[in-house]
Amino acid sequence: MAKIKGQTPAIMKQAKYAPWLYLAPALLIMLFFVVYPTLNTVYLSFKNADSTQSAATTCQQPQPGEPEPPCWGIFENYRHALTDETMLLAFRNNLLWIILMVTGTTGLGLLIAVLVDRVKYEPLAKAVIFMPMAISFVGAGVIWEYVYHYQAQGDQIGLLNAIVTALGFAPVPWLTTGPWINNIALIIVGVWMWTGFCMTILSAALKSVPAELLEAARVDGASEWVVFWKILVPIISPTIAVVLTTMTVNVLKIFDIVYVMGKGQPDTQVIATRMYIEQFNKFNSGVSSAIAVILILAVLPIGYINIRRFRIQEAMR
Amino acid sequence: MSRMRWILIAILVVAGMLLAACKPAPTPTAAPTEKPTAPPEAPTEEATAPSEAAGCMGGEGGTVSMIGVWSGDEEGTFKSILQPFLDRCDITLEYEGTRDLAVYSTRIEGGNPPDIVGLPNPGLLAQFKDYMVPLDDIIDLSQYSPAWQSLGSVDGTVYGAFFKADTKSLVWYSPPVFEAMGYSVPTTWDEMTSLMDQIVADGGVPWSCGIGSGDATGWVATDWIQDILLRTQGADFVERWARHEVPWTDPAIKEAFQTYYDICASDTYALGGAQGTLNTSFQESLYPPFQDPPQAYMVRQASFAGGIIGEQFPDLVAGEDYTFFMFPAFNDEYGAPMQGGADVMALFNADNPAAVALLNYMFSAEGGRALAASGWGLSPNNNVTADDYTSPLQGRAAALMNEAPAFSFDADDRFPGGLNVDYWQAVVDYLNGGDLDTILERMEAKANEAYSK
Amino acid sequence: MNKLQSILRRLPLHLVIIFLCIIWITPTVGLLVASVRPRQDVAESGWWMAFVPRRAVGQEEYRQYCASCHGKDGTAIAEADLSAAANIEQYRRSIALTAVLRRPLRDGSPHVEEMPDPQQMADILTYLRQLSGVETAATRPRFTISNYVDAMVGYAGRESYIESCVNGDPAADNACIGTGLTSERGMAKAFVNSLWVAIPSTILPILFASFAAYAFSWLEFRGRQLMFVILVALQIVPLQMTLIPIYRIYAKVGLTGTFLGVWLFHTGFGLPYAIYLTRNFLGSLPKDLFESAYLDGASHWTAFYKLAIPLSTPALASLAIFQFLWVWNDLLVALVFLGGQTPVLTWQISNLVGRFTGMHLLTAAAFISMILPMIVFFAMQRFFVRGLLAGSVKG
């Protein structure tokens, strides 16, 4: 790291105030719309349900003869957000979402971007993969209802169960079979919707790889496999990192798919749906703010990874 | 607006309220249809005098903003009920329909609520009581039974009034099918169980139980459980349970859960067993008894179900091909109380005379009759009788409601602090095979939290 | 020979792409097919059944059980003419017909030798109802555009807009002369509102983000790296948590229900990601490019709009697509900050769907709202062309 430090590019000479002129519009708007509500959320996370008193007052009073109930004082909302049974379930599900959906969307997006780069009907194929992005969550909920629909007997309206029963098996209640099938069924919808995003960004990056470079490698006899891993991936690795980061952030706050399609199943709840329920069903702004703060803290390691890349990138260019 | 005009309007409002309070129950035909001649700015002596002013409940002209849960065709019906009044009094209604609780919270707590809010459930009244206007002095509550008034009250003050109610303890069935199969409508639980066994013996499935309803999945099951509790423990017990004076771990509650499970999670009694119940939306669950040949014979659902059945099977005749009977009594002691639900209206801006007037109209006998005539739902207004209903099914539902030994409001709609969501998830968990004792203990813990606030 | 070889060599590539495309498009095709089916059909059978010819329901069963006495066309027994509507009308469900078959005939002999099973009975009745002309529903078209018409004019009635116009009982706000298109519940007005929301909400964040991203990439200032970390973290701030605090301020300054309020909100929420993405792209441009421009006497401003902006077109294009989509498909912000007086498409769609009805409208509405994003995508694709940088890369 020491090697990288202090290598400010010579280009960055300017009047002292110049950067701030470039930054001002964005900073001002973000201060108001993102930073202020965030600070407000942090503040509320130390308050009780209706933000009138400290969170410490929500601790349960110890009953005589019973062990003292756990209490984290001013962090009481965080105790609830980190130890409550439903929250633990939500953390587990979010982890599953991250593992499957981030790798799924990025992997498939990259694969498709690389493959369609070589065919003439590229725009059409990309449009097909992109299409789900153009559908609202409510629309996607309806679409997948026709895929996952389950009927115990009789003709199946859902495509998957129609296939399953045509093959002679019993129909599967995809969305209500816990704890894995229902979660994976929802994650598949997420992958379906977001692969187009990864593909588009990665495809834009692929297009900026000079054709001469690839041709030169191919002329030298490198196989496509080698070209992919030794040339393409290293060159577009900053973009892959961007896509991975973006998807992790998106998946951490995944909400709509579960909200629209989850059928209220307790074991498909994720962090953001719990936060919504705490805020708008239970009116417990303290706990929901604590959950939001935990979400923000969960992203900080990703921010750190990004800053390392940021420095390496600046040192190398 | 000048101070003077405000004073004039205030006088008009008070005068209108006085007139509304001592007016004779208006008959729908007597209602003036022409636009009132006196604009609000007119001299007060004349404005209070003409009968047209009474027909407008003291608020002529102006705009009323409102948020409610009704959208789609329900929004259309709601507006068409109010339209004659709006036209006659030159009031513009700006209505938005949504069920998203975030919108209600944001608008209300953000300090810019609409004039009138139709809340999704009366449990929310306590949450927003600081923002609402008490209705005691605003509408004539004497037309509503003390029970309805107390349902709309928070700490003894009435904040919410109920415009449209639905009866829930109904079992929908096909009379021609019952007749052809030689089944008779059961009036006791013993008759019901023998009917169920008879149907099974005949190779059929007695019940269609679907509970799917998006993120609100589970409410159909909670209605079932309340119906069972009403019949095994009585309306008082349910009332105490709704107030959390009975713990969730009470054996009677456990028994009600089990009774429900034995029917709706059973492969023999319910279409598709537990998974069929979980995966079928409550709309789809209404179809099987009326398909040809019938896939099931009964479905327990509220009075609004007739509309959905009629839409799916346009060839069937309401009242002949599909109708309902009362969910039967378990014993003589408690009989068959009627469970019901209703959407609650609250006023957030008393300074808008048009909003006050509109609310007054909705909760007048005339407004109640207009609702009854629309066939959309039942009016809790005392002055609306079963004869006011044009649809035979709604009339019968109203009659059943009046005959029932007790009327019990949907308990989970009254739970505070979002406990209804926990309850829905608890029944889903139970149908999925969760351990009942654990589930009820968890509910008890959640309830302790929710009621302690 | 070479050509064939090359085709064969590339065959797996095509197969993989086509396979993935089929998987991706099938759910949407299902929705498209469902959206052009009559609403009763959608609840009764899978969408693929729209392509399976309707079998002549009950004809076979009728021949087996009834034709021997009643004749092929049902008219053989005059007093029990099965082709007469008056005789069939009373049987709305086959179970009533079953009861008749169970009763012995006048001469005491059984009506049928062997009772058909319930499904067969139902099929026979369906056949008889068609034969007698009681029912035309079974001959209802397999495809219809009425879902689209209903969605366009914002009609959420029991019957479709066209039906209710034909029957002469349209809802009060629809005059059946196309004025529905301009009704406040129709999609046309909402489409304009959506555009009016989405275009500034796309341009503003991209404009501000490219300024800020340039500063982050090529200018030096204190706290640059710390601010970048904060920027990454800000992306996760959940929208739901900001609604109430922002709304409170909007209510005070009168921004609720205004387009400006929505533009600013979307800009604020789009910025962290927009800056992040643009900075990563701008930052990866070769340093020599800027240094040589600098040596040529170009100011930062010139470098920004003559070099940085043109070179980052692919990144800005993809950003524009996604920002546009998020705003276009957003419901929550529109619900809270714009409300029903200036409805956008998503608001209109969610409003068409009542608690109990209107799911069929969603299918059509989803497609109507998809059209523009797809056009935007195709239009933007031309910015993703190879070699923007081809000539200018060092090495």
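The values are calculated or read from the model by the stated rules, or taken from the named source; none is laboratory data. Bear in mind that the values here come from a model prediction, so they are computed numbers and not experimental data. Counting neighbours? That spans all protein chains shown, and the Cβs are built from the backbone with ideal geometry, glycine included.
Values as computed for the structure displayed
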item: Residue satisfying all of: in segment B:64-94; more than 9 Å from every other protein chain (Cβ to nearest Cβ), crowded, with 19+ Cβ neighbours inside 10 Å and not in a helix (DSSP H, G or I); nearest to the chain's Cα centre (by Cα) among these; result: B:Gly68
item: Filter pass, C:Thr342 being at pLDDT 85 or above and either crowded, with 22+ Cβ neighbours inside 10 Å or of a type in the set (Lys, Arg) (or both); result: no
item: Given (1) more than 33 Å from the chain's Cα centre (by Cα); (2) surrounded by 23 or more Cβ atoms within 10 Å (Cβ to Cβ); (3) under 15 Å from A:Ile29 (Cβ atoms), index of the condition C:Phe290 fails; result: (3)
item: Any hit, segment A:180-200, residues being within 10 Å of chain B (Cβ to nearest Cβ) and in contact (Cβ under 8 Å) with a residue 40 or more places away in the chain; result: yes
item: Failed item, numbered, when A:Pro70 is tested on (1) within 14 Å of chain B (Cβ to nearest Cβ); (2) crowded, with 23+ Cβ neighbours inside 10 Å; (3) touching a Lys or Arg at 6+ places or on another chain (Cβ under 7 Å); result: (2)
item: Of the criteria (1) touching a residue at least 40 places away in the same chain (Cβ under 8 Å); (2) away from chain A (no Cβ under 14 Å), which one B:Glu403 fails; result: (1)
item: From A:Leu82, A:Leu108, residue being at pLDDT 90 or above, in contact with a Cys (Cβ under 8 Å, 6 or more places away or on another chain) and surrounded by fewer than 21 Cβ atoms within 10 Å (Cβ to Cβ); result: A:Leu108
item: Helices (runs of 4 or more DSSP H) contained entirely in segment C:1-87, each with at least 3 residues that are surrounded by 14 or more Cβ atoms within 10 Å (Cβ to Cβ) and within 11 Å of chain A (Cβ to nearest Cβ); result: C:2-35, C:39-44
item: Filtered residue count, segment B:150-175, keeping only those that are surrounded by fewer than 19 Cβ atoms within 10 Å (Cβ to Cβ) and either in contact with a strand residue (DSSP E or B) (Cβ under 6 Å, 6 or more places away or on another chain) or within 30 Å of B:Gly203 (Cα to Cα) (or both); result: 1
item: Residues that are part of a helix (DSSP H, G or I) and more than 7 Å from chain B (Cβ to nearest Cβ), drawn from segment C:93-120; result: C:Leu97, C:Val100, C:Leu101, C:Arg102, C:Gln120
item: Odd one out for A:Ala49 among (1) away from every other protein chain (no Cβ under 12 Å); (2) assigned to a loop (DSSP other than H, G, I, E, B); (3) under 29 Å from the mean Cα position of the chain (by Cα); result: (1)
item: Total residues in segment C:61-99, condition among the charged types (D, E, K, R) and either touching a residue at least 24 places away in the same chain (Cβ under 8 Å) or over 17 Å from C:Leu125 (Cβ atoms) (or both); result: 6
item: Top-ranked residue in segment C:286-298 [being more than 9 Å from chain A (Cβ to nearest Cβ) and either at pLDDT 85 or above or in a loop (DSSP other than H, G, I, E, B) (or both); ranked as nearest to A:Ile135 (Cα to Cα)]; result: C:Ala298
item: Helices (runs of 4 or more DSSP H) contained entirely in segment B:241-319, each with at least 1 residues that are out of contact with any strand residue (DSSP E or B) (no Cβ under 6 Å at 6 or more places or on another chain), hydroxyl-bearing (Ser, Thr, Tyr) and away from chain A (no Cβ under 14 Å); result: B:251-264
item: Residue check, B:Val427 in a helix (DSSP H, G or I) and either of a type outside the set (S, T, N, Q) or at pLDDT 90 or above (or both); result: yes
item: Residue that is of a type outside the set (Lys, Arg), surrounded by fewer than 18 Cβ atoms within 10 Å (Cβ to Cβ), within 14 Å of chain C (Cβ to nearest Cβ) and in contact with a helix residue (DSSP H, G or I) (Cβ under 7 Å, 6 or more places away or on another chain), where the choices are B:Gly97, B:Gly111, B:Gly203; result: B:Gly111
item: Within segment C:321-347, tally of residues that are assigned to a loop (DSSP other than H, G, I, E, B), touching a residue at least 12 places away in the same chain (Cβ under 8 Å) and either in contact with a Pro (Cβ under 6 Å, 6 or more places away or on another chain) or within 10 Å of another protein chain (Cβ to nearest Cβ) (or both); result: 5
item: Count of segment B:131-149 residues which are closer than 29 Å to B:Ala305 by Cα and either hydrophobic (A, V, I, L, M, F, W, C) or touching a strand residue (DSSP E or B) at 6+ places or on another chain (Cβ under 6 Å) (or both); result: 3
item: Criterion violated by A:Leu295 - all others in (1) under 30 Å from B:Tyr451 (Cβ atoms); (2) more than 8 Å from every other protein chain (Cβ to nearest Cβ) satisfied; result: (2)
item: Top-ranked residue of segment A:243-257 - restricted to ones that are more than 8 Å from every other protein chain (Cβ to nearest Cβ) and under 24 Å from A:Thr177 (Cβ atoms), ranked as surrounded by the most Cβ atoms within 10 Å (Cβ to Cβ); result: A:Ile257
item: Residue tally, condition away from chain B (no Cβ under 14 Å) and within 36 Å of the chain's Cα centre (by Cα), over segment C:211-257; result: 11
item: Complete set of residues in segment A:141-165 that are assigned to a helix (DSSP H, G or I), more than 15 Å from C:Leu32 (Cα to Cα) and of a type in the set (Gly, Ala, Ser); result: A:Ala162
item: Any pair with Cβ under 6 angstrom, 6 or more apart, that starts in segment B:71-88 at a residue that is in the same structural domain as B:Val117 (by TED's automatic domain parsing) and ends at one that is assigned to a helix (DSSP H, G or I) and surrounded by 19 or more Cβ atoms within 10 Å (Cβ to Cβ); result: B:Ser71/C:Asn351; B:Gly72/C:Leu352; B:Ile81/B:Ala370; B:Ile81/B:Leu371; B:Phe85/B:Tyr361
item: Selected residue (criterion: farthest from the other protein chains (Cβ to nearest Cβ)) from residues of segment A:258-276 that are surrounded by 23 or more Cβ atoms within 10 Å (Cβ to Cβ), hydrophobic (A, V, I, L, M, F, W, C) and touching a helix residue (DSSP H, G or I) at 6+ places or on another chain (Cβ under 6 Å); result: A:Val270
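For (1) of a type in the set (S, T, N, Q); (2) at positive phi; (3) crowded, with 20+ Cβ neighbours inside 10 Å, each residue gets a yes or a no:
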| residue | (1), (2), (3) |
| --- | --- |
| B:Cys264 | no, no, yes |
| B:Gln275 | yes, no, yes |
| B:Gln301 | yes, no, yes |
| B:Leu316 | no, no, no |
